[in-house]
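K.L.:
Take this structure first; my questions come after.
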Amino acid sequence: MPRAFVLVNVESGSEDEVLKELKSIEGVEEAYFSYGVYDLITKIRADSMDELKEVVTRRIRTLSKVRSTLTLIMMEE
């Protein structure tokens, strides 16, 4: 099963709203606030690489307050 961490930057002040939205997306296993360069970090699991791509590109990156993302695909546990 493909997994990835997605680091997310959001519009200032919208961290709570976006975190709540992230947690409601199917495939998002975990989502947290982060201090530093990125505002939020999520852990995603999918059944295939195509599904993982769908979650990142069509569900996370299209959220209205998301400014940018960085996806780190995990190769092995």
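Since every read-out is calculated from the coordinates, none of them should be taken as a lab result. Owing to the predicted nature of the structure, the values given are computational and were not obtained by experimental measurement. Note: ideal-geometry Cβ built from the backbone for every residue, glycine included; neighbour counts use all protein chains shown.
K.L.:
From the list GLU30, GLU21, which residue is over 19 Å from GLU76 (Cβ atoms) and surrounded by 11 or more Cβ atoms within 10 Å (Cβ to Cβ)?
P.N.:
GLU21
K.L.:
Just checking, how many residues over the range 52-70 are part of a loop (DSSP other than H, G, I, E, B) and touching a residue at least 12 places away in the same chain (Cβ under 8 Å)?
P.N.:
Counting residues in the range 52-70 that are part of a loop (DSSP other than H, G, I, E, B) and touching a residue at least 12 places away in the same chain (Cβ under 8 Å) gives 2.
K.L.:
Tally time: how many residues in the range 29-51 are over 17 Å from SER68 (Cα atoms), touching a residue at least 12 places away in the same chain (Cβ under 8 Å) and out of contact with any Asp or Glu (no Cβ under 7 Å at 6 or more places or on another chain)?
P.N.:
7
K.L.:
Would you mind telling me which numbered condition in (1) in a helix (DSSP H, G or I); (2) touching a residue at least 40 places away in the same chain (Cβ under 8 Å); (3) in contact with a Phe, Trp or Tyr (Cβ under 8 Å, 6 or more places away or on another chain) GLU21 fails?
P.N.:
(3)
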